[in-house]
Amino acid sequence: MIAVDSSALLAVVLNEAMGDTCDDALQVADHCILSAAILTEVMLVAGRYNVRSELQTLLDALDVEIVPVDEIMARHAVQAYVVWGKGRHPAGLNIMDCFSYAVAKAHNCPLLFIGNDFSQTDIQGVL
């Protein structure tokens, strides 16, 4: 099982440099999970680039499980921001990053992401 950050999904649907690598990781994963908060974020961003339907097709094809933001997730997200948040740590996680962190932490699984932010935390990356 892997948790997925919006950066990885957007890399795929926007055909960014790491898009193929992320798509390969998604395809071989036995199960993908995504925070409901991140679903909201990634759908809004995808809409801005007119790729919302492509994103939905990808999520459906992968049968991504949408994980609700419950009390446990909220507490993990708050803790992530306190430790790794912008202005607090070089990782500089924003609040939405903290929800991706929370899903990976709560489910004890690696996180598929693009960029250098999560690599400066205690979360294991997929790539």
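Readers should treat all values here as calculations from the given coordinates under stated rules, not as data from a laboratory. All figures in this text were calculated on a predicted structure; none of them were measured in a lab.
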Taking 0.36 nm per intervening residue step and subtracting the Cα-Cα distance, what contour gain separates Gln27 from Val82 on full extension? 16.5 nm
Cα convex hull volume per residue for region 1-55 (Å³): 69 Å³
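Kirkwood hydrodynamic radius of the chain from all distinct Cα pairs, in Å?
One over the average 1/r among Cα pairs gives 14.3 Å for the chain.
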Helix-only mean residue ellipticity at 222 nm, the chain, DSSP H runs n ≥ 4 weighted -39,500 (n - 2.57), per residue, nearest 500. What is it? -16500 deg cm²/dmol
Gaussian network model of the chain, Cα within-10 Å springs - most flexible of Asp60, Asp23, Asp97: Asp60
